[in-house]
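Values in this text are rule-based calculations from the coordinates and carry no lab data. Source: prediction; values computed, not measured. Don't worry about glycine lacking a Cβ; one is built from the backbone with ideal geometry, like all the others, and counts go over all protein chains shown.
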Amino acid sequence: MWMRLVFALVKGGLGGFVGAAVAAVLGGKVPAAAYAGAAFTGVVTGLLAGRPVWAEGGRREAAVKVPAGVFLALATLFGFRKWLSAVTVGASVPLGDAPFVALPLLAVAIALVLEVDDEFGADAFVAGPRAEAPGTTPAADPGAPVAPSGKNPNADGN
């Protein structure tokens, strides 16, 4: 469990710094560059955090995590810029205008949520066909209900 939290810090920090570098390359303090960096942060964090994209079942999870990460990153950056403009970093730079601080913070928060979710619900998404309950036998019709005796109550002659 603790290793997952450490991994979340590393993966989120990596995603945040890559997104911040994208924002810096695109123009630094320009709002469009900050939002592009936030979107890139959500993509990288969604691909790496939780079950990584290269793991078994990771592509299906990434199809959910990436859009959610992008949405959360963009919404959080909007909140930083709109309502937390009084929170400053360093020499009175608003938090929303400091991508090298804001983007790693939100990426680590997203990664922590994804890692904790993967820790406590990891096998539900990858599991294959549903296993039968102990003490029962599979029904002839996969959609038919199975009685505790193991016989199909809807079958003819029972």
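Using modelled backbone amide H atoms (1.01 Å from N, in-plane), which distant-in-sequence or interchain residues come within less than 5 Å of GLY50's amide H?
For GLY50, whose amide H was placed from the backbone, the distant partners under 5 Å are GLU115.
Taking the simple approach of a point 7 Å from Cα along Cα-to-Cβ for both VAL93 and TRP2, what is their distance in nm?
Inter-label distance under the simple model: 3.5 nm.
What ranking, highest mean first, results for peptides 85-92, 44-51, 55-62 when packing means the other Cβ atoms within 10 Å averaged over each residue? Mind showing how you got there, number by number?
Working: 85-92: 9.6, 44-51: 26.6, 55-62: 15.1.
The most tightly packed comes first, giving 44-51, 55-62, 85-92.
Using 7 Å Cα-to-Cβ label points, what is the LEU84/VAL25 separation (nm, one decimal)?
2.6 nm
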